[in-house]
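Structure first, then comments.
The values are calculated or read from the model by the stated rules, or taken from the named source; none is laboratory data. In this text the structure is predicted, and so the values were computed from the model without any measurement. A quick note on method: Cβ atoms are made from the backbone with ideal geometry, for glycine too, and the neighbour counts reach across all protein chains shown.
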Amino acid sequence: MSTGHRQIDPQKLWAQIQDWARDLQLSQIAVAPVDLSDAEPGLLAWLEAGFHGQMHYMQSHGLKRARPAELVPGTVSIITARIDYLPDGTPSDWVDRELARHTRSGEAVVSIYARGRDYHKVLRQRLQQLAERIAQEVGPFGHRAFTDSAPVLEVELAQRSGLGWRGKHSLLLSREAGSLFFLGELFVDLALPATPSVSAHCGQCEACMKLCPTQAIVAPYKVDARRCISYLTIEHDGPIDEALRPMIGNRVYGCDDCQLVCPWNKFAQTHPLPDWQPREGMSGSTIAQLLQWDETTFLRRTEGSAIRRIGHARWLRNLALAAGNAMASGQLTAQEAQALRQALQRWAKHPNEVVQEQVQWSLAQGAASHA
């Protein structure tokens, strides 16, 4: 990192940075210290328990995740940022509407955050623009922006900087904004005044733990990713454990349940960015409709979307699983069930063995429900 920047008044600069962040439509920023040493035992214990599943990069990065100054040498302060992602125009009863999706077994449910543009690009671009604005004021300085893109303990940094507190589902919670926001960081070699942390406000509430369909929240603040529907539908690339399949229901990318049931999300904030508006097909489509997408269609429809990175085969695996659950539910009309069977049979000889196996399992669910 460069250290050739001009002498500055940290308090004055921080006030200016907050103004620039608002201009860039960041919902809130704060400053975290770089010493996370007391977070290391918890990180090591989580990894030792195998809760990271196939996310081997978390193990390979080791304690570098908890040592920002090793990850980016020269780092003195970390600007943390949140950007709300509930789309502009979302109705006030949005929680009820989202929960109702799970009662319509033939509908494919995509997590709210993934229905619009890829947040990695949107937030990292704004953090980079913030860095450029700071450079205009102080001269060249060392910095690096992150948005879920490197071994960074994002929630830990956000919590220490006062953006919120860690909920029992392990996500960050804010009294002003619930948990429907993205996090990003700007590592800088500037000495900025650390902002104070805030107290936790979960109390005795365990709503997220009780509602989790797969009981992935194994203890307060501790998630076993190997049972988490978001992990299984996004990060996990093999066959999904048969014991967990029925619990996934009609969720085809991610899961919002622990957030939907959280009382603090009555304060979730909408954001005017058009990037968060749902793309065609990502909200309200049936499983049968999305199973019609061949790989070319999938790549075209998911261009600039976070969904694209899982690839077409994993997308098909998720849809096929949801199709099996829908047919087993007994809630479909004969016509809807037939449409799903036909859509599944199209992929019965897919070159990917995981897709093949999932299609066969799901067709068997449909056959059993009509036996």
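Some observations on this one:
- For the range 268-318, the set of residues classified as of a type in the set (Phe, Trp, Tyr) and more than 17 Å from the chain's Cα centre (by Cα) consists of Trp293, Phe298, listed by residue number.
- Whichever residue in the range 181-206 is hydrophobic (A, V, I, L, M, F, W, C) and touching a His at 6+ places or on another chain (Cβ under 9 Å) and, among such residues, is farthest from Ser77 (Cα to Cα): Phe181
- Ala368 vs. criteria of a type in the set (A, V, I, L, M), part of a helix (DSSP H, G or I) and over 26 Å from Arg115 (Cα atoms): yes
- Taken over the range 97-109, the criterion of being touching a Leu at 6+ places or on another chain (Cβ under 9 Å) and either in the same structural domain as Ala145 (by TED's automatic domain parsing) or of a type in the set (D, E, K, R) (or both) is satisfied by Glu98 alone.
- Filtering the range 292-308 to residues that are in a loop (DSSP other than H, G, I, E, B), under 15 Å from Thr233 (Cβ atoms) and touching a residue at least 24 places away in the same chain (Cβ under 8 Å) leaves only Ser305.
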